[in-house]
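Working notes for the structure below.
The values are calculated or read from the model by the stated rules, or taken from the named source; none is laboratory data. Nothing here was measured: the structure is a model prediction, and the numbers come from that model. Neighbour counts run over all protein chains shown; Cβ positions are idealised from the backbone, glycine included. Heavy atoms of the whole protein, side chains included, go into the accessibility calculation; ligands, DNA and RNA do not. Shrake-Rupley method; radii C 1.70, N 1.55, O 1.52, S 1.80 Å.
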Amino acid sequence: VEDMTSADDMYKYTKKSLEYLNDHLVPGSQVYVSGLVDGRILYATMSEKIHPLGMMYNNLKYTHLYEYLDCLKASPCAGWLNPDKSIREASSNHALELNQALKNVVNDAQNEFKNLDVFYYDFDSVHSVHSGCLNTALIA
């Protein structure tokens, strides 16, 4: 978690991006800022499935690949694609802090940009899966 983007940096760089967009977009433009997806759903839905590399012999689960990539320090998402539940939980807690930083920058931007209407959207991946909006087969 200590190597992840800080909430202060998330705020600062999101605001910088909004400033850039305000300078380059026409008046009345709308910008939607999305919160981070709760990545625990990736491990929960995929870890025990067979990875395509293991299909021939039915012997390589996603969790094995996650462990291997973690060992190599090459995981694309070491926080959530991790067999250690405490690391996944810490990553999710950090994501909540980042989401709060995004909400704050969107709230602060409401009267700051003449060309932009800025909105925040909480991405609820758990609801999306349970409602059928996000098919976990697409993740595989």
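Annotation note: of ASN58, ASN99, ASN111, ASN107, the sole residue that is touching a residue at least 60 places away in the same chain (Cβ under 8 Å) and either of a type outside the set (A, V, I, L, M) or open to solvent by 70 Å² or more (accessible area, probe 1.4 Å) (or both) is ASN99.
Being surrounded by 17 or more Cβ atoms within 10 Å (Cβ to Cβ), in contact (Cβ under 8 Å) with a residue 40 or more places away in the chain and either outside any loop (DSSP other than H, G, I, E, B) or touching an Asp or Glu at 6+ places or on another chain (Cβ under 6 Å) (or both): is that true of ALA90 here? Let's see the steps before the verdict.
Working: surrounded by 17 or more Cβ atoms within 10 Å (Cβ to Cβ): no; in contact (Cβ under 8 Å) with a residue 40 or more places away in the chain: yes; either outside any loop (DSSP other than H, G, I, E, B) or touching an Asp or Glu at 6+ places or on another chain (Cβ under 6 Å) (or both): yes.
So ALA90 does not fit the description; no.
Sub-7 Å Cβ pairs linking a first residue in region 22-38 that is under 18 Å from MET10 (Cβ atoms) to a second residue that is of a type in the set (Gly, Ala, Ser) and open to solvent by less than 60 Å² (accessible area, probe 1.4 Å), at least 6 apart or interchain, are LEU36/ALA95; VAL37/SER125; ASP38/SER92; ASP38/ALA95; ASP38/SER125, ordered by first then second residue.
Please tell me if SER17 is open to solvent by 50 Å² or more (accessible area, probe 1.4 Å), closer than 20 Å to VAL118 by Cβ and among the small types (Gly, Ala, Ser). Spelling it out, SER17 is indeed open to solvent by 50 Å² or more (accessible area, probe 1.4 Å), closer than 20 Å to VAL118 by Cβ and among the small types (Gly, Ala, Ser). Of the numbered criteria (1) touching a residue at least 60 places away in the same chain (Cβ under 8 Å); (2) surrounded by 13 or more Cβ atoms within 10 Å (Cβ to Cβ); (3) out of contact with any helix residue (DSSP H, G or I) (no Cβ under 9 Å at 6 or more places or on another chain); (4) of a type in the set (A, V, I, L, M), the one LEU69 fails is (1). On the given criteria, is THR5 in contact with a helix residue (DSSP H, G or I) (Cβ under 9 Å, 6 or more places away or on another chain), part of a helix (DSSP H, G or I) and hydroxyl-bearing (Ser, Thr, Tyr)? No, not satisfied. Look at (1) touching a Leu at 6+ places or on another chain (Cβ under 7 Å); (2) closer than 29 Å to SER75 by Cβ and you find that GLU2 fails only one, number (1).
Suppose we keep only residues that are hydrophobic (A, V, I, L, M, F, W, C) and open to solvent by less than 40 Å² (accessible area, probe 1.4 Å) within region 30-55. Which one would you say is farthest from SER6 (Cα to Cα)? Reasoning before the result, please.
Of all residues in region 30-55, those hydrophobic (A, V, I, L, M, F, W, C) come to 31, 33, 36-37, 41-42, 44, 46, 50, 53, 55.
Okay, now just the ones that are also open to solvent by less than 40 Å² (accessible area, probe 1.4 Å), so 31, 33, 41, 46.
Values: VAL31: 22, VAL33: 17, ILE41: 22, MET46: 28 Å.
Among them, the one singled out is MET46.
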